[in-house]
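**Q** Pasting a structure here, questions to come.
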Amino acid sequence: MGGPLGGLAHGRRRWFSVVGLLLLLTALTFAIGMVSKQTCYNATWTNGESRYTAFCYSDLPYLYVDRGLAEQEWPYASDADTRARYPQVMEYPVGIAYYAWATSYVTDWLTDTPDEDERHLEETSSFWGLPGMHHEIRVFMIVNVIGFAVAALLSVWLLARTHPRRPWDAAAFALAPVLAATGVVNWDMLAVVFVAGALWAWSRDRPLLTGILIGLGCATKLYPLFLLGGLVVICLRRRRYYDLAVAAIATVLAWLLANMPAMASGLEQWKVFWSFNSERGPDLGSLWLVAQQATDSTISAHTVNVVSWGFFIAWCAGVLAIGLTARETPRLAQLGFLIVAGFLLVNKVYSPQYVLWLLPLAVLAVPRWRDQLIWQAGELFYFVAVWWYLADLLASGGGDQTAYWFAIVVRVAVEVYLISVVVREIYQPWRDPVRWTEARDAAQDSKTISSNEVAV
């Protein structure tokens, strides 16, 4: 954790493993998160009030029924019968759609459900009341959450090995309260493991693998693509143009190969993710929603798109300038955190589980418990507020829910705080704990080499 190596330091005891302990802590944290959803699990997410007041809401049960997963329908089916029965297409990138579809088949295999022809005779609106459906939904949740837990364990394993001399930095991920709170709200955990993998691969000087993991992550959630921006800064400073080209080409090819099955089977259905996000207006958690409700006006989706993308482009230019003018080359986690954070600040929706987008980047960009706890405290404050807001518990005299606006501002404020810490440590690398370790190890290596030379 700091200072001289103790008796239990990595490598001092064969029976002790830092990574093993981190995996155990991650499993415990994720298990706590699963137990915290027990109220909704027992009611199969049918209690409209308790799912918010007990902080156990999840999108998965509802999408299992409403998107055809209960009938194992291919998310990108284009035939008229399927689209008439399920007009709403999965509004997520293909990685999530594939995973949800695959887990629906596992659920069908594990449960004694009616065959497809028999279920197809029922109206989809009656599915929640069908015999055995609640059990089926619970099994679907269990199957998905087991996959999320595996993703969390793999993520912490990768993060602990990104800086081999600082494996304990991953403890901020393993013990993250936001991991327990938001890990099963949606499928965002699937993208987290690709981000952690890309950070690890780049630390091992593997640009091809880095690009592949970024591409697969982008096929699961769009934001891993922003890691390429960090690679641009690093490769420009170090003149690693070939590595940048390899990573960029690998990203495009991996993304394209992952999307091809969906595009080939239903191009119009594949486009829904892009059209859905382009056409939606101000939504939960965004500063846009605060502005719209506070001014009692309607902000069009077009306005949000133009302004937010304009801000994000300017933000990326600012990150590029910071990266190129810093005394030392910033780390990929620092640059990636800045870019993703800038995207979230002005995004039209900032769902509570989006904190997972920043988590692997934040724990490596700012490996300091004080800053992590300040940031995550603000996130947890918002986590509570958003569910109370949806349960209409924050309205003052039936009017505007100003307490929810305050929660959004607090969340943005703690994110800006962490951004400021990252920028400060980029410009003042002696404040960066990772740089401390690198400088100390370099000094020790130099002393060792000098001693050996003297001995010779």
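**Q** How large is the charge dipole for region 212-330, taken about the Cα centre, if only the Cβ atoms of Lys, Arg (+1) and Asp, Glu (-1) carry charge, to the nearest 20 debye? Walk me through the numbers on the way to the answer.
**A** Numbers: 8 positive and 6 negative charges, 115 e Å.
It works out to roughly 560 debye.
**Q** At a 1.4 Å probe, what is the % contribution of carbon and sulfur to the accessible area of the chain? Please list the in-between numbers first.
**A** Values: 12980 of 20320 Å².
Ligands and nucleic acids excluded, carbon and sulfur give 64 percent.
**Q** Mind listing the phi-derived Karplus ³J(HN,Hα) values for region 159-171, rounded to whole Hz, using 6.51, -1.76 and 1.60 with θ = phi - 60°, and x for any glycine or proline?
**A** 5, 5, 9, 5, 10, x, 7, 9, x, 5, 4, 5, 5
**Q** If you take every residue apart from Leu231 with its C-beta less than 10 Å away from the C-beta of Leu231, what net charge results, scoring Lys and Arg +1 and Asp and Glu -1? Walk me through the numbers on the way to the answer.
**A** Values: positive: Arg240; negative: Asp243.
It works out to a net charge of 0.
**Q** With +1 assigned to the C-beta of every Lys and Arg and -1 to the C-beta of every Asp and Glu, and no other charges, what is the dipole magnitude of the chain about the Cα centre in debye, to the nearest 20? Walk me through the numbers before you get to the answer.
**A** Numbers: 33 positive and 37 negative charges, 545 e Å.
Dipole of the chain, to the nearest 20 debye: 2620 debye.
**Q** May I pose another question? Among Thr53, Gln428, Leu216, whose Cα projects farthest towards the positive end of the dipole of the chain, with charges put on the beta-carbon of Lys, Arg (+1) and Asp, Glu (-1)?
**A** Positive-most Cα among the choices belongs to Gln428.
**Q** Further question: On a full-extension model of 0.36 nm per residue, what is the gain between Trp128 and Ala314, subtracting their alpha-carbon distance, rounded to one decimal in nm?
**A** On the way: separation 186, 0.36 × 186 = 66.96 nm, distance 4.71 nm.
Contour length minus Cα-Cα distance gives 62.3 nm.
**Q** Next up: What trypsin sites (Lys or Arg not before Pro) does region 287-385 have in DSSP loop regions with at most 12 other beta carbons within 10 Å? Let's see the in-between values first.
**A** Working: sites: Arg327, Arg331, Lys348, Arg368, Arg370; in loops: Arg327, Arg331, Lys348, Arg368.
Within region 287-385, the qualifying trypsin sites (Lys or Arg not before Pro) (loop, at most 12 other Cβ atoms within 10 Å) are Arg327.
**Q** How far is helix 355-365 tilted, in degrees, relative to the longest principal axis of the Cα atoms in the chain, given as a value from 0 to 90 rounded to the nearest 10?
**A** Long axis of 355-365 versus the principal axis of the chain: about 10 degrees.
**Q** What does the extension gain come out to for Tyr62 and Val252, with contour length at 0.36 nm per residue minus their alpha carbon separation? Mind showing how you got there, number by number?
**A** Working: separation 190, 0.36 × 190 = 68.40 nm, distance 3.25 nm.
Answer, rounded to one decimal: 65.1 nm.
**Q** Can you list which of the trypsin sites (Lys or Arg not before Pro) found in region 161-214 are DSSP loop residues with at most 15 other C-beta atoms within 10 Å?
**A** Arg165, Arg204
**Q** Need one number: nm distance between label points at Leu222 and Thr111, each 7 Å from Cα along Cα→Cβ, rounded to one decimal.
**A** The modelled label-to-label distance comes out at 3.2 nm.
**Q** Keeping every protein chain in place, order Val422, Val272 by accessible area at 1.4 Å, biggest value first, i.e. largest first.
**A** Working: Val422 0, Val272 35 Å².
The ordering from most to least exposed comes out as Val272, Val422.
**Q** Using +1 at the C-beta of Lys and Arg and -1 at the C-beta of Asp and Glu, which of Tyr98, Trp187, Phe173 has the Cα lying farthest in the positive direction of the dipole of the chain?
**A** Farthest along the dipole direction, towards plus: Phe173.
**Q** About the Cα centre of region 167-258, what is the dipole size in debye to 20, counting +1 per Lys and Arg Cβ and -1 per Asp and Glu Cβ, all else neutral? Don't jump to the answer; show the numbers that get you there.
**A** Working: 7 positive and 4 negative charges, 69 e Å.
Dipole about the Cα centre, nearest 20: 340 debye.
**Q** Relative to the longest principal axis of the chain, what angle (0 to 90°, nearest 10) does the C-alpha long axis of helix 369-390 take?
**A** On a 0 to 90 degree scale, this one is about 10.
**Q** Now for a separate question. Contour minus end-to-end for Ile146 and Ala31, with contour as 0.36 nm per residue of separation and end-to-end as the Cα-Cα distance? Intermediate results must be reported in sequence, preceding the final value.
**A** Working: separation 115, 0.36 × 115 = 41.40 nm, distance 1.02 nm.
Here the answer is 40.4 nm.
**Q** Right, here's the next one. Under the rule that a partner needs its Cβ under 4.7 Å from the first Cβ, which Cys of the chain have none?
**A** Those would be Cys218, Cys235, Cys316, since no other cysteine Cβ in the chain comes under 4.7 Å of theirs.
The values are calculated or read from the model by the stated rules, or taken from the named source; none is laboratory data. This is a predicted model, so every value here is computed, not measured. Cβ: placed from backbone, ideal geometry, glycine included. Neighbour counts: every protein chain shown. The accessibility values were calculated without ligands, DNA or RNA, using every heavy atom of the protein model including side chains. Shrake-Rupley method; radii C 1.70, N 1.55, O 1.52, S 1.80 Å.
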